[in-house]
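K.L.:
Handing you this structure, nothing more for now.
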Amino acid sequence: MAIGLRGDAPGIDLSTPEALKKAMLAAKSIKYAPTGAALLPVKKVISTLELAGKIKDNSAARGQAELGPGEYELNFYPLSEILP
């Protein structure tokens, strides 16, 4: 699993669990496939970091979230899907 970034987040820190939690809480949108290989690891991250109900989960939404200046979206997918 890998984390992709879309939007404006210069210097975003994802180096520790606490930094990842902070970034996920600040994200305008969190996206991941509702089925497939990344689903269980993403659910585990959300559970471990106690983020259920606290993040802007757009995994069921089609298309991209509209982002303004300073806003970003985090995408959790298998690395093979993020690279292209």
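The values are calculated or read from the model by the stated rules, or taken from the named source; none is laboratory data. Values in this document were obtained by computation on a predicted structure and should not be read as measured data. Note: ideal-geometry Cβ built from the backbone for every residue, glycine included; neighbour counts use all protein chains shown. Only protein heavy atoms, including side chains, enter the accessible area calculation; ligands, DNA and RNA are left aside. Shrake-Rupley method; radii C 1.70, N 1.55, O 1.52, S 1.80 Å.
K.L.:
Tell me yes or no: at least one residue of the stretch 21-39 is in contact with a Lys or Arg (Cβ under 9 Å, 6 or more places away or on another chain), at pLDDT 95 or above and on the phi > 0 side of the Ramachandran plot.
P.N.:
No.
K.L.:
Ser59: in a loop (DSSP other than H, G, I, E, B) and among the hydroxyl-bearing types (Ser, Thr, Tyr), yes or no? Please lay out each step first, then the result.
P.N.:
Details: in a loop (DSSP other than H, G, I, E, B): yes; among the hydroxyl-bearing types (Ser, Thr, Tyr): yes.
So Ser59 fits the description; yes.
K.L.:
Of the residues Ala27, Ala37, Ala2, which single one is closer than 14 Å to Glu81 by Cβ, touching a Leu at 6+ places or on another chain (Cβ under 6 Å) and not acidic (Asp, Glu)? Walk me through it before giving the result.
P.N.:
On the way: Ala27 fails: closer than 14 Å to Glu81 by Cβ; Ala37 fails: touching a Leu at 6+ places or on another chain (Cβ under 6 Å).
Of Ala27, Ala37, Ala2, the one residue that is closer than 14 Å to Glu81 by Cβ, touching a Leu at 6+ places or on another chain (Cβ under 6 Å) and not acidic (Asp, Glu) is Ala2.
K.L.:
If you check every pair at least six apart or on different chains, which have Cβ atoms under 9 Å apart with a residue in the stretch 1-16 that is closer than 10 Å to Tyr72 by Cβ and at pLDDT 90 or above first and a residue that is in a strand (DSSP E or B) and open to solvent by 70 Å² or more (accessible area, probe 1.4 Å) second?
P.N.:
Ile12/Leu5
K.L.:
Can you confirm whether Ser47 is closer than 16 Å to Gly4 by Cα and either part of a loop (DSSP other than H, G, I, E, B) or open to solvent by 70 Å² or more (accessible area, probe 1.4 Å) (or both)? Explain how you work it out, then say what you get.
P.N.:
Numbers: closer than 16 Å to Gly4 by Cα: no; either part of a loop (DSSP other than H, G, I, E, B) or open to solvent by 70 Å² or more (accessible area, probe 1.4 Å) (or both): yes.
Judged against the criteria, Ser47 is not a match.
K.L.:
How about the stretch 50-65: which of its residues are touching a Ser or Thr at 6+ places or on another chain (Cβ under 9 Å) and either open to solvent by 30 Å² or more (accessible area, probe 1.4 Å) or charged (D, E, K, R) (or both)?
P.N.:
Lys56, Asp57, Asn58, Ala61, Gln64
K.L.:
Being without any contact (Cβ under 8 Å) to a residue 60 or more places away in the chain, farther than 18 Å from Leu5 by Cβ and assigned to a loop (DSSP other than H, G, I, E, B) is the requirement here; does Glu66 meet it?
P.N.:
No; evaluated as a whole, the condition is false for this residue.
K.L.:
Further, regarding this structure: If the requirement is being in a strand (DSSP E or B), open to solvent by 30 Å² or more (accessible area, probe 1.4 Å) and of a type in the set (A, V, I, L, M, F, W, C), which of these qualifies: Leu25, Leu40, Leu5, Leu74? Walk me through it before giving the result.
P.N.:
Working: Leu25 fails: in a strand (DSSP E or B); Leu40 fails: in a strand (DSSP E or B); Leu74 fails: open to solvent by 30 Å² or more (accessible area, probe 1.4 Å).
Leu5 is the lone residue from the list that is in a strand (DSSP E or B), open to solvent by 30 Å² or more (accessible area, probe 1.4 Å) and of a type in the set (A, V, I, L, M, F, W, C).
K.L.:
Next up: Count, please, the residues in the stretch 14-38 that happen to be in contact with a strand residue (DSSP E or B) (Cβ under 7 Å, 6 or more places away or on another chain) and more than 15 Å from Gly4 (Cβ to Cβ). Full working, then the answer.
P.N.:
Start the filter on the stretch 14-38 by keeping residues that are in contact with a strand residue (DSSP E or B) (Cβ under 7 Å, 6 or more places away or on another chain), which leaves 14, 23-24, 27-33, 38.
Subsequent filtering for residues that are more than 15 Å from Gly4 (Cβ to Cβ) retains none.
Within the stretch 14-38, residues that are in contact with a strand residue (DSSP E or B) (Cβ under 7 Å, 6 or more places away or on another chain) and more than 15 Å from Gly4 (Cβ to Cβ) number 0.
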